[in-house]
Amino acid sequence: MKRLLPVGALRGAWVCAAVLALSVLASWRAAAGPAVGFAVTLRPITAPDRRVEGLEVEERIEMGDTPAMLSLVLPLALPGAPRNADAITGLVARDAAGEVAMQQTDVDGASFPRRRWTTQRLVRGQVVLRYRAGLQKLQAGGPPYGMKAAGQGVAGSTKSFLLLPEEIGSRASRLSWDVSRMAPGAVGVSTAGASTQVVPGPPSALDDEWLLAGPALAGQARPGPGFNAYVIGTPAFDAAKEMAWARGAYDALAEAYGYLGRPSYTLLIRALDIPSFETGTAKLGGGGALLTVGNVFSSGYSVEALHSLIVHEMGHQWTGQLTSGVEPWFAEGFNVFAEVTVPCRAAIMSWSACAAQINARLDDLYRSEGRRWSLQRIDAAGFDQEAVRRVPYARGMLYFAGVDAQLRQRSAGRRGLLDAVRPLFAARQAGGRFEQQDWEAFVARELGPQAVGTFRAVVIEGTQDAAMPEDLFGPRLQRVTGRWQSPQGEVDGYRWEAVR
């Protein structure tokens with residue numbers, strides 16, 4: 001993710017997915033009786049001027065014929081969405097026997113504290129829940145989890161408001177938008193696709209979908225295969241022009257990584273009605289992203305910086321993560337390396353723009369007290385220690401650029417890092433393993449056994465600075481010396497400039 005942290009299916013693709021899901025459900029019904037389901041309908045609540053004030057949420061949960069207790073959970077708070085659970089009001093639950101009282105408690109969770117709602121009697125059959133979800137304040141900064149109004153639209157993440165039932169055994173979930181009360185021309189989309197989506201899996205499959213509804217500016221006339229984009233609000237840029245640029249960035253990433261072809265991807269952008277800190281969050285390998293911008297750019301920001309943000313979040317589709325989960329040294333570090341190299345090598349960004357992004361990451365590194373911290377210590381830092389949590393982005397960028405430079409030197413420029421790791425990515429896509437030990441085996445094979453120790457010292461333990469030779473980023477960028485003020489005092493280092 002860009003700045004603060006460390007997304008789709010289109011018409012033909014989502015129709016096929018829905019048909020496949022329904023046919024699978026039909027076979028389950030035939031083999032094991034009625035399938036348990038989870039269906040969600042979202043209806044934006046609008047003011048007389050058609051601006052969105054909140055969401056009405058309806059959930060239909062199939063509990064089966066055996067009476068059981070039903071519990072639902074929601075994160076108590078999220079980065080950028082403090083106390084979001086307090087925005088849930090008017091909760092009413094009913095089954096065939098009538099209204100069901102719910103008890104509310106707050107509990108610890110693996111990632112975030114959670115609020116749990118539990119029925120006060122056994123329920124059976126279909127349970128219908130209705131409640132309202134308030135919007136988050138239009139404050140700048142933070143990842144775009146909270147649902148926020150943008151123009152006459154709304155966008156955010158299901159994670160911030162969707163009450164998910166626990167342990168109901170649903171084999172498929174359905175997510176639908178009802179935009180009939182919104183301004184004319186409104187659409188309702190998600191990173192799972194447009195309109196109504198059937199998503200295979202339990203309710204948790206809807207835990208982290210990015211959503212957008214409203215009169216949207218789009219980078220295409222209608223949803224189609226490959227890349228799609230939607231913008232709501234009044235951005236500080238020409239939405240059609242920049243989404244056309246984003247389509248070119250999608251093509252450049254697909255070409256550079258090479259192993260996925262042209263996957264379905266949905267880029268969602270909400271332009272808040274305030275000057276905003278530009279930020280974004282993507283599902284790693286998940287087909288889409290949601291970016292937040294303002295109605296004017298924040299200080300020092302530019303269209304070129306927006307381009308870099310788009311490339312970064314979109315790049316997560318191809319970079320993905322380790323098979324065991326998200327590790328910032330790879331999911332963010334490798335992705336930043338691609339962010340600052342692929343667009344300029346593909347000639348869709350200027351080399352001066354790539355240099356600016358490299359230098360921004362170096363600023364993060366040199367000025368942070370966590371420059372020499374281990375990943376374990378960085379991971380233990382809270383989200384409020386942003387200067388520390390950005391370190392793996394920059395440290396990874398430098399390390400992977402170094403590996404890329406060595407591979408290009410050894411092959412006389414014919415083979416770089418993205419070429420070399422393509423088989424590993426393809427194997428992961430096919431269901432194979434890709435973990436730290438697999439990366440270490442790769443660098444030992446490509447660069448020699450000493451490369452494993454270098455990787456651990458630079459990336460994992462932070463005890464050694466990454467090497468920064470003059471040709472680290474290729475012949476179009478030149479290294480210059482610089483000095484930074486850090487919590488430990490002045491630090492000497494390097495910056496990069498485009499070769500004139």
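The values are calculated or read from the model by the stated rules, or taken from the named source; none is laboratory data. Since the structure is predicted, the reported quantities are computational estimates derived from the model, not experimental observations. FYI the Cβ positions are ideal-geometry reconstructions off the backbone, even for glycines, and counts take in every protein chain you see. Side chains included, ligands, DNA and RNA excluded: accessible areas come from the protein's heavy atoms. Shrake-Rupley method; radii C 1.70, N 1.55, O 1.52, S 1.80 Å.
In a fully extended conformation the segment linking residue 124 and residue 500 would gain 128.2 nm over its present Cα-Cα distance, using 0.36 nm per residue. Between residue 101 and residue 180, the simple label model (points 7 Å from Cα in the Cβ direction) yields a spacing of 3.5 nm. For the pair the stretch 37-107 / the stretch 398-455, the C-alpha centres are spaced 46 Å from each other. With a Förster radius of 25 Å applied to the C-beta separation of residue 464 and residue 485, the computed FRET efficiency comes to 0.65.
Quick check: at a probe of 1.4 Å, how many percent of the accessible area of the stretch 174-237 sits on carbon and sulfur atoms? Don't skip to the end; give the middle numbers.
Numbers: 1250 of 2250 Å².
In the stretch 174-237, the share of accessible area belonging to carbon and sulfur is 55 percent.
Backbone geometry of the stretch 94-102 corresponds, through the Karplus equation with coefficients 6.51, -1.76 and 1.60 at θ = phi - 60°, to 3J(HN,Hα) couplings of 9, 10, 4, 8, x, 5, 10, 5, 10 Hz, x marking Gly and Pro.
The HN-Hα couplings worked out from phi for the stretch 377-391 by the Karplus form 6.51 cos²θ - 1.76 cosθ + 1.60 (θ = phi - 60°) are 5, 5, 4, 6, 6, x, 5, 6, 8, 4, 4, 7, 6, 7, 4 Hz, whole numbers, x standing for Gly and Pro.
Quick one: with all protein chains in place, what share of the accessible area of the stretch 436-500 is carbon or sulfur, to the nearest percent (1.4 Å probe)? Before the final figure, lay out the partial values.
On the way: 1730 of 3750 Å².
Here it works out to 46 percent.
Length available on full extension from residue 433 to residue 387: 0.36 nm per residue minus the Cα-Cα distance, which gives 13.4 nm.
By the helix-only formula, in which each DSSP H run with n ≥ 4 contributes -39500 (n - 2.57) and the sum is divided by residues, the chain has a 222 nm mean residue ellipticity of -9000 deg cm²/dmol.
Accessible surface computed residue by residue for the chain, with neighbouring protein chains in place and a 1.4 Å probe, gives 41 Å² per residue.
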